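Undergrad: Got a structure here, written out as structure tokens. Questions coming.
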Amino acid sequence: MHRFAVLRELCLYMKRHKAWWLSPIIVVLLLVSVLVILGGTGAAPFIYTLF
């Protein structure tokens with residue numbers, strides 16, 4: 001299976017069903033997940049200074 005198949009399917013769903021209101025939710029979830037992943041690495045002290 002292709003690496004970005006889920007992302008492609010999600011974009012096609014949003015386009016087909018005119019569900020563009022989902023895009024800000026997805027962006028926020030992606031940003032939070034990146035912060036969680038980076039919070040467990042050596043970059044954590046740099047992230048915590050932002051807040």
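The values are calculated or read from the model by the stated rules, or taken from the named source; none is laboratory data. These figures come from a predicted structure and were not determined experimentally. Don't worry about glycine lacking a Cβ; one is built from the backbone with ideal geometry, like all the others, and counts go over all protein chains shown.
Undergrad: Output the residues belonging to the range 30-47 that are surrounded by fewer than 10 Cβ atoms within 10 Å (Cβ to Cβ) and among the hydroxyl-bearing types (Ser, Thr, Tyr).
TA: 41
Undergrad: Tell me, which helices (runs of 4 or more DSSP H) wholly within the chain include 3 or more residues that are at pLDDT 90 or above? Show your work before the answer.
TA: Working: elements: 5-16, 22-39, 44-48.
Because the criterion is at least 3 residues that are at pLDDT 90 or above, the helices (runs of 4 or more DSSP H) in the chain that meet it are 5-16, 22-39.
Undergrad: Out of the range 10-29, which residues are surrounded by 10 or more Cβ atoms within 10 Å (Cβ to Cβ) and under 15 Å from the mean Cα position of the chain (by Cα)?
TA: 10, 11, 22, 23, 26, 27, 28, 29
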